[in-house]
Amino acid sequence: MRLILLLILGLIALSILATLVGPLIVLGIGGLLAYYAYKNLVKSDRGLLSILWWVIVGATGISMIIGSLPGFIFLGAVAVLMYFALRKEPNVKAQVNENPSTERSSVFSEYESFEAEWREVRGR
């Protein structure tokens with residue numbers, strides 16, 4: 001049953017990834033455009049029009065990045081969901097009491113050990 005649920009979850013994640021390819025490409029192009037505009041704006045000392053041009057190009061890149069952020073955040077949420085779905089659970093072994101006559105001693109053995117250690121500490 002778990003394998004079927006993981007298969008269904010994988011198909012859903014694959015379809016989500018397929019729909020997010022476009023916004024992620026736009027996010028990358030916007031990032032490159034903003035970075036290129038920033039680098040050229042720092043180097044630019046020709047005049048007001050050149051500075052204004054690179055500010056407009058940078059603002060366009062930043063607006064492309066902002067427009068694509070919801071898709072990027074959604075992709076991160078899908079990645080976190082996949083992490084929690086695929087992580088291995090720790091092996092927990094149940095303690096079985098085979099002899100019912102020693103039930104009291106096995107249940108309270110930790111407390112008896114603590115009491116003995118506490119007496120030892122207080123005696124010092």
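The values are calculated or read from the model by the stated rules, or taken from the named source; none is laboratory data. Since the model is a prediction, treat every value here as computed from it, not as a measurement. Methodologically, a virtual Cβ is constructed for each residue, glycine included, from the backbone with ideal geometry; neighbour enumeration extends over all protein chains shown.
Looking only at residues in segment 36-78 that are more than 19 Å from L24 (Cα to Cα) and of a type in the set (F, W, Y), which one is surrounded by the most Cβ atoms within 10 Å (Cβ to Cβ)?
In this case the residue turns out to be W54.
Using beta carbons and a limit of 7 Å, which pairs, at least six apart or on different chains, have the first residue in segment 33-56 and modelled with pLDDT of 85 or more and the second one of a type in the set (V, I, T)?
Between residues of segment 33-56 that are modelled with pLDDT of 85 or more and residues that are of a type in the set (V, I, T), the close pairs are L33/V57; L33/T60; A34/I62; A34/I65; A37/V57; L41/I51; L41/V55.
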